[in-house]
Amino acid sequence: MYKIAIIEEIHQDGINLLEQNSNYEYEIIKDVSEKNLIEKLPAFDGCTLRVSKLDEQILKHCPKLKVISRHGVGYDNVDLKYLKKNNISLLITATANAVAVAEHVMTMFLSLSKSVQKYDQEVRDGNFKNNAKKIKTIELFNKNVLILGFGRIGKKLIERCLSFNTKVYVYDPYVEKKIIEQHGGIKVDSINEALKISDYVSLHMPLTEETKNLINYKIFKDMKKTAIIVNTARGGIINEVDLDRALNENLIFGAALDVFLNEPIEINNPLLTNKKVILSPHSATFTDECTSRMGIETIKNIIDFFQKKIDKSMLVKL
Ligand SMILES: NC(=O)c1ccc[n+]([C@@H]2O[C@H](COP(=O)([O-])OP(=O)(O)OC[C@H]3O[C@@H](n4cnc5c(N)ncnc54)[C@H](O)[C@@H]3O)[C@@H](O)[C@H]2O)c1
């Protein structure tokens, strides 16, 4: 019998899998304070994890813990060094969420292009067509898209962009030209040159020392004034202060952010009052379908792990 801690609630479809399997007992832990996790977690053999932090302070109290199953693909909330040293495996929901994020990016590309929020406000303000013609709207058709990072999400996004008859450039130094071409993209080696010719830019790489503040004021100055940029990857890759300035100085047309340097975003962040950016609360995966898929995959990964048949693509190499 394995004891599994569900840290923060997940979709019932995932829980059902555990309930159907007599080898597992589970408990849902809603209080994710360090104190409560230190008290509760030592009793468990495995756990699921959403956004709360599992660091050495907590993990050192958990000698039984063999596996952490992330509900998602990022793992900057887990102490990887500690996991490696103590032989604790880390699993991700590698196939569950790419489509939902790619659809979120398309939603933002199109909403910004068509100035959906401005038109909506005009109608509500009783202006109907009075100002409508002055609101600039553009088309995705025939434009240059740049995808930064060509992993699971980048590959789903390119399919959707190509169906809008765009030319898609891809910047990912770790993916071969051949793979990018097989997906219909054009590999670029210079991110700076690619950004200069791009109409739509979407970020899909991890936050690392290399990618921190990658998109900054100097880059915005070189971009097209009509460019749209969307970040669903991680906060900190686009410098938020520089983005606010670039939008105010009309260096680019618009932006959308699902992720922020600090989450939740601080109430004095100037982006909150900037009308040229659409904000969402790290919710790109919150579709009904994706939430169910993620719940199921998070639990299936734990079961597969204990049955020693975990798919390698779900296992993070530590
Ligand atoms: N907003 C959300 O809810 C949400 C959901 C899922 C994933 N994410 C984030 O989206 C990002 C992409 O997720 P994924 O599942 O596609 O990841 P992935 O690991 O499949 O792909 C990431 C890609 O980034 C590339 N990369 C690494 N460093 C790079 C660099 N310096 N420049 C360009 N490319 C680089 C890698 O080669 C890889 O191909 C991650 O940051 C992830 O945390 C966010």
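Every read-out reported here was derived from the displayed coordinates using simple, explicitly stated rules and does not represent laboratory data. Quick caveat: nothing in here was measured; it's all calculated off a predicted structure. All Cβ positions, even for glycine, are placed from backbone atoms using ideal geometry, and neighbour counts span all protein chains on display.
Can you return the aspartates and glutamates within cross-link range of Lys300? Criterion is Cα-Cα under 16 Å, with same-chain partners fewer than 8 residues away left out.
Glu9, Asp13, Glu19, Glu25, Asp45, Asp311
Near the amide H of Tyr26, under 5 Å away, which other amide H atoms are found, from residues 5 or more places off or on another chain, if H is placed in the peptide plane?
Under 5 Å from the amide H of Tyr26 lie the amide H atoms of Ile4, each far enough along the sequence or on another chain.
Going down the table (Lys187/Lys225; Lys53/Lys276; Lys66/Lys309), which pairs top 25 Å between alpha carbons?
Beyond 25 Å: Lys53/Lys276.
Karplus couplings for the stretch 241-252 from phi (6.51 cos²θ - 1.76 cosθ + 1.60, θ = phi - 60°), rounded to Hz, Gly and Pro as x?
Residue by residue, the stretch 241-252 yields 5, 5, 5, 4, 5, 4, 5, 5, 8, 6, 6, 9 Hz.
On a straight-distance basis, which aspartates and glutamates could pair with Lys81 in a cross-link, Cα separation under 16 angstrom, same-chain partners fewer than 8 positions away excluded?
Asp55, Glu56
Using the alpha-carbon centroid of each, what span in Å lies between the stretch 226-245 and the stretch 127-148?
A separation of 19 Å, based on Cα centres.
Using only the Cα atoms of the stretch 68-168, what do you get for the radius of gyration and for Dmax, in Å?
Calculated on Cα positions, Rg and Dmax stand at 20.1, 66 Å.
Quick one: what are the phi-derived ³J(HN,Hα) couplings along the stretch 145-151, Karplus 6.51/-1.76/1.60 with θ = phi - 60°, whole Hz, x for glycine and proline?
10, 10, 9, 9, x, 10, x
Which whole-Hz ³J(HN,Hα) couplings does the stretch 165-182 yield from phi under the Karplus relation 6.51 cos²θ - 1.76 cosθ + 1.60, θ = phi - 60°, glycine and proline marked x?
6, 9, 9, 10, 9, 10, 10, 7, x, 9, 10, 5, 3, 4, 5, 5, 5, 4
Let me have the 222 nm mean residue ellipticity of the chain computed from DSSP H runs of 4+ only, each contributing -39500 (n - 2.57), with the sum over all residues rounded to the nearest 500.
-9500 deg cm²/dmol
By how many degrees, 0 to 90 and rounded to 10, does the Cα axis of helix 98-113 deviate from the longest principal axis of the chain?
Roughly 20 degrees between the two axes.
Name the residue, out of Ala194, Ala284, Ala132, whose mean-square fluctuation peaks in a Gaussian network model built on the chain with Cα pairs under 10 Å.
Answer for the Gaussian network model of the chain: Ala132.
Mind putting a number on the dipole of the chain about its Cα centre? Charges go on the C-beta only, +1 for Lys and Arg and -1 for Asp and Glu, and I need it in Debye to the nearest 20.
820 debye
Return the subset of Lys40/Lys84; Lys143/Lys224; Lys114/Lys134 for which the Cα-Cα distance in this structure is over 18 Å, preserving the input order.
With Cα atoms farther than 18 Å apart: Lys40/Lys84.
Taking the dipole about the Cα centre of the chain, with the C-beta of Lys and Arg at +1 and of Asp and Glu at -1, give me whichever of Ile302, Asn239, Ser292 is farthest to the positive side.
Of the options given, the answer is Asn239.
How long are the semi-axes of the ellipsoid equivalent to the stretch 153-217, from square roots of 5 times the Cα gyration tensor eigenvalues, in whole Å, largest first?
For the stretch 153-217, the ellipsoid semi-axes come out as 20, 14, 12 Å.
Considering the alpha-carbon set of the chain alone, what are its Rg and its Dmax in angstrom?
Here Rg and the maximum Cα pair distance are 21.5, 68 Å.
Top mean-square fluctuation among Ser283, Ser198, Ser69, Gaussian network model of the chain, C-alpha springs under 10 Å?
Answer for the Gaussian network model of the chain: Ser283.
Return the long-range amide H neighbours of Ser89 (sequence gap of 5 or more, or a different chain), with a cut-off of under 5 Å between placed amide H atoms.
Residues meeting the amide H criterion: Val67, Ile68.
GNM, the chain, Cα, under 10 Å: largest mean-square fluctuation among Ile267, Ile92, Ile38?
Looking only at Ile267, Ile92, Ile38, the largest GNM fluctuation is found for Ile267.
Using DSSP, restrict attention to beta bridges with both residues in the chain and report what percent are antiparallel, rounded to the nearest 5.
Bridges in the chain that DSSP calls antiparallel: roughly 0 percent.
Summing +1 for each Lys or Arg and -1 for each Asp or Glu, what net charge is found among the other residues whose Cβ lies under 10 Å from the Cβ of Asn131?
So the environment of Asn131 carries a net charge of +2.
Name the long-range amide H neighbours of Gly236: under 5 Å, sequence gap of 5 or more, or other chain; modelled H, no Pro or chain starts.
Correct list: Leu261.
Just want to confirm a number: the relative contact order over the stretch 98-279, from Cα pairs under 8 angstrom separated by 6+ residues, in percent.
The value is 18 percent.
Cα axis of helix 152-162 to longest principal axis of the chain: angle in degrees, 0 to 90, nearest 10?
Tilt relative to the chain: about 30 degrees.
How about the stretch 238-318: which GluC sites (Glu not before Pro) there are in a DSSP loop, with at most 13 other Cβ atoms within 10 Å of their Cβ?
When the GluC sites (Glu not before Pro) of the stretch 238-318 are filtered for loop state and at most 13 Cβ neighbours within 10 Å, Glu249, Glu266 remain.
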